[in-house]
Every structure is written in structure tokens, then in C-alpha cells.
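**Student:** Got a structure here, written out as C-alpha cells. Questions coming.
The values are calculated or read from the model by the stated rules, or taken from the named source; none is laboratory data. Values in this document were obtained by computation on a predicted structure and should not be read as measured data. Here the Cβ positions follow ideal geometry from the backbone for every residue, glycine too, while neighbour counts run over all protein chains shown. When the accessible area is computed, the model is the full protein with side chains, heavy atoms only, and any ligands, DNA or RNA have been set aside. Shrake-Rupley method; radii C 1.70, N 1.55, O 1.52, S 1.80 Å.
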Amino acid sequence: MSLLELEGVDAHYGELQALWQLDLRVDEGETLAVVGANGAGKSTLLKTIAGVLRPTAGAVRFAGRDVAGVPDHKRVRLGISLVPEGRRVFRSLTVEENLLVGGYRRRPGEWDLAAVYEAFPLLEDRRSRTGAHLSGGEQQATAIGRALMANPRLLLLDEVSLGLAPVVVQDIYRALPRIAERGTTVLVVEQDLGQALAVADRVQCLLEGRTALEAPVGSVTREQVAAAYFGLE
Ligand code: ATP
């Protein structure tokens, strides 16, 4: 059984349909990368999984349970944590306080401050610095660490590399295998194909709200994924 299963999911913003009969699965322990161009529906997909947006058709199952009617704050308790685009940290709190906020009402499990600092050594050096004085990369690492403190079974990451310098992106991406090693399943949404293919076990490419390609990373070339990404056939 997959940890997460979407079947025939439609999502709308008013009249505009953003997802069309979408099927998707994430198996326990794997890292799935969802890639696609601007507007392909990646953020909408994450919002649907996190419970911020209700699908207009289809099923969302988590750990075998239909979660369609479960609101977002309850999904966190079930083990689904979303790190949205935009690196939101509390600016007046220190890094460590930001992390501890994420651990409020945590599920029992692997993640604690020491584990987060092991995944992101740069955060340990900055533990007493306030959010307002962090670089973009440090803010992103703090936002991911905070989500991990809730002990998610499934971590959803939305465009973690957006607007960051390449060297900082490397720091963030270096942490992903460490997160997976602790048994946390990861769904990462990414516009950058190279980053996505470097960390994922499987890739699913969206094009205008539909799946254009889905495959284990080892079985496709970057060119094939790029062709699906741009809708070339
Ligand atoms: P990006 O990389 O730009 O975030 P994306 O793949 O995440 O792109 P979505 O943000 O999911 O794409 O958008 C899918 C479609 O839904 C687009 O046509 C977008 O314009 C539309 N859309 C997204 N959010 C809203 C909203 N809040 N209200 C209305 N339309 C929206």
C-alpha cells in the first residue's frame, strides 16, 4: 500500500480547472519529485494533499484512510506537513524557537532538535539568530526544519530552491537524503529538473494539470523528462 494515493483528482479555482483527473502515489520511504513549468499545477497539487484546497472530484487517501474531509491542521496530526513556497519563518523568533514552534503537538517519532541540526548543520551555527537576520537559504532550512519537528510521515516541499543562490540550493538539497534516511517520505515540487532528478527515486511531470510522464528516475533520461515538461512529443 502506498502512503499517499490520489485517484482521479480534479481541482478548481472558481471556473478555472487546475488539475484534471490526476492520479499520483507516494510509497513509504521514497522521494518523489513532481516537476513542471509555471502554472502546471504543482502548488495546487500540494495544497490538495495538505488539505488547504478541496478537490472537486476524486479521492485522496493517506495511510489507507480517505482524508477528503479532513482539514489541514488535522492532516498535520496525521503526519502530513507542507513547507509552502516563500520560506515563512517567524522573524522575531530565533532559529531554535522557530523549530520548537514546529514541535508543538508533535507526533511521536524520529525528529527532534538534534536530528534537525544534523540534517542542516548550518542551522546549529545560527540557532540563536532571529528570523529577521537570516539569509534566504537559512530561512528555507529553518522552514523545513520546523516542518520536520512535527514528525511528518510525509513531508511536502514546494519549490525550495526558488530565488536562492546555487550554492545555497546545494546546502538545502544535501539535506534531503538525510531526511529520507530517517524514514521520512518526501514529495518535492521543483521547477529545476537537475535538482529534482538528483534527489528523487521517482519523477512525475505535470503539464497543464495532467500527468505527462511518471517513471523511476533511473529509467528515464533528462531529455525525456524535459520533453514531457515542455509538452514536446
Ligand atoms: P508555479 O511554479 O508558478 O507555482 P504551479 O505549477 O505551482 O506553478 P499552480 O500554482 O498550481 O501551478 O497553478 C495552476 C493553475 O491554477 C494556473 O493556471 C494558475 O494561474 C491557477 N491558480 C493558482 N492559484 C490560483 C488562485 N489562488 N486563484 C486562481 N487561480 C489560481
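**Student:** Determine the pairs where a residue that is under 15 Å from residue 205 (Cα atoms), located within the range 16-27, has a partner that is more than 14 Å from the ligand (Cβ to nearest atom) and polar (S, T, N, Q) with Cβ atoms under 9 Å apart, the partner being 6 or more residues away or on another chain.
**Tutor:** Between residues of the range 16-27 that are under 15 Å from residue 205 (Cα atoms) and residues that are more than 14 Å from the ligand (Cβ to nearest atom) and polar (S, T, N, Q), the close pairs are 25/2; 26/2; 26/185.
**Student:** Follow-up. Answer with yes or no whether residue 46 is part of a helix (DSSP H, G or I), closer than 25 Å to residue 213 by Cβ and of a type in the set (A, V, I, L, M).
**Tutor:** For residue 46, the condition - part of a helix (DSSP H, G or I), closer than 25 Å to residue 213 by Cβ and of a type in the set (A, V, I, L, M) - is met.
**Student:** Show the residue pairs that are 6+ apart or on different chains and have beta-carbon atoms under 6 Å apart, the first residue being within the range 91-119 and outside any helix (DSSP H, G or I), the second being among the basic types (Lys, Arg) and open to solvent by less than 90 Å² (accessible area, probe 1.4 Å).
**Tutor:** Here the result reads 110/182, each pair linking the range 91-119 to a residue that is among the basic types (Lys, Arg) and open to solvent by less than 90 Å² (accessible area, probe 1.4 Å).
**Student:** Output the qualifying pairs, or none if there are none: Cβ atoms under 7 angstrom, residues six or more apart or on different chains, first residue in the range 200-224 and basic (Lys, Arg), second residue open to solvent by 90 Å² or more (accessible area, probe 1.4 Å).
**Tutor:** Partner pairs satisfying both residue conditions: 210/20.
**Student:** Does residue 135 fit the bill of being more than 16 Å from the ligand (Cβ to nearest atom), more than 29 Å from residue 54 (Cβ to Cβ), open to solvent by 10 Å² or more (accessible area, probe 1.4 Å) and touching a residue at least 40 places away in the same chain (Cβ under 8 Å)?
**Tutor:** no
**Student:** Could you grab me the full set of residues in the range 42-56 that are within 14 Å of the chain's Cα centre (by Cα) and within 9 Å of the ligand (Cβ to nearest atom)?
**Tutor:** 42, 43, 44, 45, 46, 47, listed by residue number.
**Student:** For residue 17, are the conditions met, namely being at pLDDT 95 or above, part of a strand (DSSP E or B), within 9 Å of the ligand (Cβ to nearest atom) and surrounded by fewer than 23 Cβ atoms within 10 Å (Cβ to Cβ)?
**Tutor:** Against the criterion (at pLDDT 95 or above, part of a strand (DSSP E or B), within 9 Å of the ligand (Cβ to nearest atom) and surrounded by fewer than 23 Cβ atoms within 10 Å (Cβ to Cβ)), residue 17 qualifies.
**Student:** Please pick out the residue among 212, 196 that is within 16 Å of the ligand (Cβ to nearest atom) and touching a Cys at 6+ places or on another chain (Cβ under 9 Å).
**Tutor:** On inspection, the qualifying residue turns out to be 212.
**Student:** Here is a follow-up. Spot the failing condition for residue 33; the list is (1) under 28 Å from residue 183 (Cβ atoms); (2) open to solvent by less than 30 Å² (accessible area, probe 1.4 Å); (3) part of a strand (DSSP E or B); (4) away from the ligand (no atom under 14 Å from the Cβ), and only one is missed.
**Tutor:** With respect to (1) under 28 Å from residue 183 (Cβ atoms); (2) open to solvent by less than 30 Å² (accessible area, probe 1.4 Å); (3) part of a strand (DSSP E or B); (4) away from the ligand (no atom under 14 Å from the Cβ), residue 33 is out only on (4).
**Student:** For the range 122-132, what are the residues that are in a helix (DSSP H, G or I) and either surrounded by fewer than 14 Cβ atoms within 10 Å (Cβ to Cβ) or touching a Lys or Arg at 6+ places or on another chain (Cβ under 6 Å) (or both)?
**Tutor:** Looking only at the range 122-132, we keep the residues that are in a helix (DSSP H, G or I), and these are 122-125, 131-132.
Of everything in the range 122-132, those that are in a helix (DSSP H, G or I) and either surrounded by fewer than 14 Cβ atoms within 10 Å (Cβ to Cβ) or touching a Lys or Arg at 6+ places or on another chain (Cβ under 6 Å) (or both) turn out to be 125, 131, 132.
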